[in-house]
Amino acid sequence: MKTLKIGDLEARLPVIQGGMGVAISLSRLASAVANEGGIGIISSAGIGMLLPGFSKDFRGANRRVLRDEIRKAKKMTNGIIGVNIMVALSDYEDHMSVAVEEGADLIISGAGLPIRIPEAIIRDKKDENKTKFLPIVSSAKAAGLIFRYWAGHYDVIPDAVVVEGPMAGGHLGFRMAQINDAEFTIEKIVPEVIESMKPFEQQFGREIPVIAAGGIYTGSDMSRLMELGAKGVQIATRLVPTYECDAAMEFKQAYVNCKEEDIVLIDSPVGLPGRAIRNRFLDDVSAGKRHPVNCPWKCLKTCDYKKAPYCISMALINAAKGKMKNGFVFAGHNAFRTTKIQSVKEVFRELIEEFLDAEVKRKLSPRLITATSY
């Protein structure tokens, strides 16, 4: 299995742990992944809600907890630690600044197009030893738009790009009609994004790694997408039901207990489709029952809290704490395949075995076809 190189960063295994909020992937999960040779990611979304009395200073609470989580992760590992920061956050630039100040190895940013970004990131892009930046996109068109803007306005480009397909958990960068459309599969999008990066690789004289994400669950999935040209993969769902995941045991158990028909698509209050595990809370929302929204601070730019049937940040933090009656669980398409809770080390061991087995089968397949044809 090849390493994943992003500028001067090099992960022993080509696996980035997906950022999961609210409070699902924090320092404990991120450091465990980094210790196995992958890239661990802390999600900054709503992170301040872990502090008592956060509503008195939501913005300040976010900064404090994010800073603490990055520091804790760095104490627990010598591996690569990054932060996932959603463009849709009202205090997006605050989170970016904290991540850079604390020496995060990289920032991954989606839920919107990261076009205009803080000057601190631009300065860092001119120094190879500083924080790397990876946008999340769902199409070659979006990737090209971001890279063209950066090249034209900042004379730098992002260090790599994450391509997320429609089988991911949480908020999706697709319309409902596109999610099950064969034209929008990750297998189709990855080669298109790779092709769209070639002009920028030529212009700036360096490789732009493309990382595949969304619905990647096994080492066999990794092998297939890396054969298509991806330099690595982002995996989230399979790392939730681990002992090291920062969510409550009730959250993890929802993965173990769910069936395929329980994985549903929802209309999120933030204006995007989302994939989650059906429960009583979501059934009530579907039935038209409203959960009163007492918004302490508009944490997401796109949320119309006056019309929203519930506060998604509160619902997600409740679920992270195991309060399932007042929240729900985001999950990827393959969450139903979960059968047990295990360690991150065990997950990585299985991924490597599955990957190597798939590679052997792929390499042997042409020989078998040739042999049987005679």
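Summary table below
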quantity	calculated
The range 182-278 pair-distance distribution - Cα-Cα, 10 Å bins, rounded %	13, 32, 33, 17, 5
Max mean-square fluctuation residue, GNM over the chain, Cα-Cα springs under 10 Å, options R67, R238, R116	R116
Leading residue at positive end of dipole, the chain (Cβ point charges), from S365, H291, F355	H291
Only Lys, Arg (+1) and Asp, Glu (-1) charged, at Cβ; the range 183-298 dipole about Cα centre in debye	340
Net dipole in debye of the chain [+1 Lys, Arg Cβ; -1 Asp, Glu Cβ; about Cα centre; nearest 20]	720
Square roots of five times the Cα gyration tensor eigenvalues for the chain, Å	30, 26, 20
Neighbourhood net charge (14 Å Cβ-Cβ; Lys/Arg +1, Asp/Glu -1) for L113	+3
Extension reserve of the F204-N294 stretch, reckoned as 0.36 nm per residue once the Cα distance is removed	27.6 nm
The range 82-241 - Rg (one decimal) and Dmax (whole number), Cα, Å	15.2, 43
Mean residue ellipticity (222 nm) of the chain, computed from DSSP H runs ≥ 4 via -39,500 (n - 2.57), nearest 500	-12000 deg cm²/dmol
Selection from N78, I117, G53, by position along the positive dipole direction of the chain (Cβ)	G53
Amide hydrogen neighbours beyond the local backbone of K132, cut-off 5 Å, H modeled	L106, I107
Top of K361, K325, K301 by mean-square fluctuation, Gaussian network on the chain, Cα under 10 Å	K361
Percentage of interatomic Cα-Cα distances in the range 249-336 larger than 21 Å	26
Cleavage-rule hits (trypsin sites (Lys or Arg not before Pro)) in the range 199-235: DSSP loop, at most 15 neighbouring Cβ within 10 angstrom	R206
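Rule-based calculations on the coordinates, nothing more; no lab input. Since this is a predicted model, take the numbers as computed values, not measurements. With ideal geometry, Cβ positions are generated from the backbone for all residues, glycine too; neighbour counts draw on all protein chains shown.
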